[in-house]
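The values are calculated or read from the model by the stated rules, or taken from the named source; none is laboratory data. Everything numeric here is computed off the predicted structure, so don't read it as measured data. Positions of Cβ are generated from backbone atoms using ideal geometry, with glycine treated the same way; all protein chains shown enter the neighbour counts.
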Amino acid sequence: MPDHQVGRKTRYEPMKARELAVAEDDMCQHQPRCPDALASDCTAARVAASHPEQGWSLLCNGIVLFDDAGVLLPGGRAITPPAAALPAAA
């Protein structure tokens, strides 16, 4: 069906805070389980997909971890990297 036909939704909506593409219970199958995406040690989860050429990795708890230590949570909230991880200003 072409995009210009009536009734076809063509605009993409952002995910809601707790709406995930994969249920959280199905993400991590490790024993012991990796930390939850909202846990204080959330970046300790195992890498599910690595893209070093693009500067990011997907962790099995749904977090996207960037090379600068920034984090993107499954719901879309971003966590900036700690100040110690940022390069010094010239």
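Using the structure shown, decide if Gly75 is surrounded by 11 or more Cβ atoms within 10 Å (Cβ to Cβ), assigned to a loop (DSSP other than H, G, I, E, B) and modelled with pLDDT of 90 or more.
Working: surrounded by 11 or more Cβ atoms within 10 Å (Cβ to Cβ): yes; assigned to a loop (DSSP other than H, G, I, E, B): yes; modelled with pLDDT of 90 or more: no.
It is false that Gly75 is surrounded by 11 or more Cβ atoms within 10 Å (Cβ to Cβ), assigned to a loop (DSSP other than H, G, I, E, B) and modelled with pLDDT of 90 or more.
Give me the residue from the range 7-52 that is at pLDDT 85 or above and among the acidic types (Asp, Glu) and, out of that set, farthest from Phe66 (Cα to Cα).
Asp36
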